[in-house]
Structures are given as structure tokens and as C-alpha cells.
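Worksheet: the structure to be examined is printed underneath.
The values are calculated or read from the model by the stated rules, or taken from the named source; none is laboratory data. Predicted model, so just to flag it, every value in this text is computed and none were measured. FYI the Cβ positions are ideal-geometry reconstructions off the backbone, even for glycines, and counts take in every protein chain you see. Each accessible area value is taken on the protein alone, full model and side chains, heavy atoms only, with ligands, DNA and RNA left out. Shrake-Rupley method; radii C 1.70, N 1.55, O 1.52, S 1.80 Å.
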Amino acid sequence: MPHKPFKAVIPAAGLGTRFLPATKAMPKEMLPVVDKPAIQYVVEEAVDAGISDVLIIIGRNKNALSNHFDSVPELESNLVKKGDQDRLAKVQESSDLADIHFVRQGEPKGLGHAVSRARAHVDDHPFAVLLGDDLIDERDKLLARMLGEYDKRGATVIALMEVDPEQIHLYGTAAVEPTDDPDVVKVTGLVEKPKKEDAPSNLAIIGRYVLDPKVFDVLEHTEPGRGGEIQLTDALQELANMEDGGVYGVVFRGRRYDTGDKVEYIKAILQLAADRDDLGPDLRPWFKEFAAGL
Ligand code: G1P
């Protein structure tokens, strides 16, 4: 039986402690990347892959997120009066993007727990999970590729990327076997944030998943793992080893920006701004001058 259209789930309930004090009263997903909050890029990516229903898992500070995806009548009528169509379009863009829903995580018990909160909304259908710390360049169609792979294989698909072994302790890491497709691997094992010497490979999970709904049953009994949190990686490890489960990895070789770390966040802003037609021409020569003076 064909499944219903994929829905997207975006966990946005983290405490954002790395970006304090900016995240004291605002979710880290609302931090601007150039001139858009990080989460808007992620919603746009889901929409670009053909998804129109998005569930955001929220923690504290919900208002900024829900307001961002809602209309703002007083601001809009003010811009209409001024005839400022450009800014009006920018304001309306985020409220017209997708059908956005919210659910609270309750307690911050980990990514696996956050994903399990999507069960009632997603029901018994495969769905995508997109983590807001990872931005994928809009020119590199990773999610669409993963949705296609799910349909081809009928099993969970995760995004993997080769990283420097020195960085592997920051990621979920996969043990893999090749398939006939050079960019697709069969996942045989997963470890959340291993030490360099224990890592089964240098293939890191980046924050894109297309999950089979069987993951919900697995998450119900997944015990707290690394950091005392219910880890999605641990549930996927079990799914990979189930007879009627299976996990595949799409090895991504495109452009990814990490907004979860301060230095990487600043780099992401500079790279994305330099690529833009409205900002790049002014910025690029300045970069050279600035770098020459370092
Ligand atoms: C989460 C996952 C981890 C994954 C990472 C990708 O960790 O638990 O497996 O590699 O996202 O960004 P976090 O960075 O939220 O600690």
C-alpha cells in the first residue's frame, strides 16, 4: 500500500546553552543566519523536497517560534500602507510556507524522546526528521534523494557524511557495508558520539533522517544512553538489526553548514552571505582585505 505524503518533524526543544545569553529568552533555532532564523532554512528545505506538513517539537520559549510562522497583521498593514512590497513578501513568506504544527516535548529527555512526541501527528507513516543545527545548501537536494531512497528500499534512511576523525566524537557514527550504489550504504551498527579510537568509521550522522514508523515502538523501550538521554541513534541501532527493520545511509558530499557550534555558525553566515547576489559583491572584496590584515 502506498504511504501517505511524508511529513517533516523538526526537534527544536534544546536548551541552546552554547549560545547563551542569546538563547536565554529565545530558542536557538531562531538565531539569524544572515537575515532568516535558522529554522526557516530547515522548513524551506522540507518544502523544497515536496513536504507541506511540518511538526515542530518545542520546549520552553515557544512563542518566538510560533509567532515567526504566523501572520503579523499590524506589521503587514503598515508595510501595505507604505507600499513596501519587498518587505511584505519577506514577512509573509514564513507564514505561507507550510502547514506548521507544534507539540511540546515536556521534559528535555533527548532527541529520541523528542522524536517519539511526533507519534500522534505522524501516525503509522514514514516521516522526515530535520535537525536545525545542520543546514544543507539549497542547491544540494539531500532530503529529496533520501525520500526517494526510502521509497526504493522501504526502510529507514539516514544522512551520513565523512568527517575528520578528530571530530567524530561530536556525532552519531555508523558502521556500514557497501551497496550497489556508491553513495548508499547499508548501516550495520551505530554508536552515539564515540571516542575516536572506538569509532566504527568516519561516517557521521548529519541531521537528516527518513524514518520508518517502526522507530516509535523501538523508542518506547529505548533506555537512556549517552548523557543520560534517550538517543535516536540507539533506537536506530536496534532498528538496523531488526529482521523487518534495516537502515540505509546516503553519503552526502555536498555543502553543509553547522550552526550548532559558535565558530561554525559564524562561518555559515559568512559563506551564505558571500554567495548571495545582494550581499556577496560588497562582502567578498572585504573578506580578502580583512584576511590580508590578519
Ligand atoms: C545529534 C545526534 C547525533 C548527530 C548530530 C548531528 O546530536 O544525536 O547522532 O550526529 O545530532 O548534528 P547533537 O548535535 O544534537 O548533540
**Extension gain from ASP137 to ASP70, taking 0.36 nm per residue of separation minus the Cα-Cα distance** = 21.6 nm
**Prompt:** Using modelled amide H (1.01 Å from N, peptide plane; none on Pro or chain starts), what sits under 5 Å from the amide H of VAL176, excluding residues fewer than 5 places away?
**Reply:** THR188
**Item:** Nearest-20 debye value, the chain charge dipole, Cβ charges on Lys, Arg, Asp, Glu
**Value:** 740 debye
**Item:** Counting DSSP beta bridges with both ends in the chain, the antiparallel % (nearest 5)
**Value:** 60 percent
**Fill in**
Honestly region 147-224 on the Cα gyration tensor test (a ≥ b ≥ c root eigenvalues; a/c under 1.5 rounded, otherwise a/b vs b/c for prolate or oblate) is just oblate
**Message:** Accessible area per residue for region 145-251 in Å², computed with a 1.4 Å probe and the full protein assembly in place, what is it?
**Reply:** 44 Å²
**Prompt:** What is the packing order of peptides 91-97, 222-228, 176-182, taking the mean over residues of other C-beta atoms within 10 Å and listing the highest first?
**Reply:** 91-97, 222-228, 176-182
**Request:** Rounded to the nearest 10 degrees, what's the angle between the helix 38-48 long axis and the longest principal axis of the chain, both from Cα atoms, 0 to 90?
**Result:** 70 degrees
**Message:** Accessible area per residue for region 15-103 in Å², computed with a 1.4 Å probe and the full protein assembly in place, what is it?
**Reply:** 53 Å²
**Asked** When the Cα centres of region 73-118 and region 1-60 are compared, how far apart do they sit, in Å?
**Response** 10 Å
**Asked** Non-local amide H neighbours of ASP212 (under 5 Å, H modeled in plane, Pro and chain starts lacking H): which ones?
**Response** THR156, VAL157
**Prompt:** When only C-alpha pairs under 8 Å and at least 6 residues apart count, what is the relative contact order of the chain, in percent?
**Reply:** 20 percent
**Item:** Cα-based reach from LYS214 at 19 Å (exclusive), listing aspartates and glutamates while leaving out same-chain residues under 8 positions away
**Value:** ASP123, ASP124, GLU149, ASP151, GLU223, ASP234, GLU238, GLU243, ASP244
**Prompt:** If you place +1 on the Cβ of every Lys and Arg and -1 on the Cβ of every Asp and Glu, how big does the dipole about the Cα centre of region 143-294 come out, in debye to the nearest 20?
**Reply:** 540 debye
**Asked** Using the C-alpha gyration tensor of the chain, what are the square roots of 5 times its eigenvalues, in whole angstrom, with the largest one first?
**Response** 32, 24, 19
**Request:** May I ask you to list the residues of region 91-118 whose amide nitrogen lies under 14 Å from a point 7 Å from Cα along the Cα→beta-carbon direction of ARG276?
**Result:** 91
**Asked** Comparing LEU75, LEU270, LEU31, which has the greatest mean-square fluctuation in the GNM of the chain with Cα pairs linked when under 10 Å apart?
**Response** LEU75
**Candidates LYS214, LYS195, LYS186: whichever shows maximal mean-square fluctuation once the chain is modelled as a Gaussian network with Cα springs under 10 Å** = LYS195
**Request:** Calculate what fraction, in whole %, of the accessible area of the chain sits on carbon and sulfur atoms when a 1.4 Å probe is rolled over the protein chains.
**Result:** 51 percent
**Request:** Could you work out the equivalent-ellipsoid semi-axes for region 1-52, taking the square root of 5 times each eigenvalue of the Cα gyration tensor, largest first, in whole Å?
**Result:** 28, 13, 6
**Prompt:** Along the Cα-to-Cβ line of HIS125, 7 Å from the Cα, sits a label point; which residues in region 187-214 have backbone N less than 19 Å from it?
**Reply:** 209-214
**Prompt:** Highest GNM mean-square fluctuation, the chain, Cα pairs closer than 10 Å: which of HIS169, HIS68, HIS221?
**Reply:** HIS221
**Complete:** So the angle from the long Cα axis of helix 73-82 to the longest Cα principal axis of the chain, reported in degrees to the nearest 10, equals 40 degrees
**Message:** Nearest 10 degrees is fine. How inclined is helix 262-274 to the longest principal axis of the chain, computing both from alpha carbons?
**Reply:** 60 degrees
**Request:** Enumerate the lysines that LYS62 could reach by cross-link, defined here as Cα to Cα under 24 Å, with residues fewer than 8 away along the same chain left out.
**Result:** LYS7, LYS24, LYS28, LYS36, LYS90, LYS109, LYS262
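Using only DSSP helix segments of four residues or longer, with each worth -39500 (n - 2.57), what per-residue ellipticity at 222 nm results for the chain after dividing by its residue count and rounding to 500?
Working: 11 runs with 106 residues, N = 294.
Helix-only estimate at 222 nm: -10500 deg cm²/dmol.
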**Asked** Out of GLY249, VAL80, PRO281, whose Cα points farthest toward the positive end of the dipole of the chain (charges: +1 Lys, Arg; -1 Asp, Glu; placed on Cβ)?
**Response** VAL80
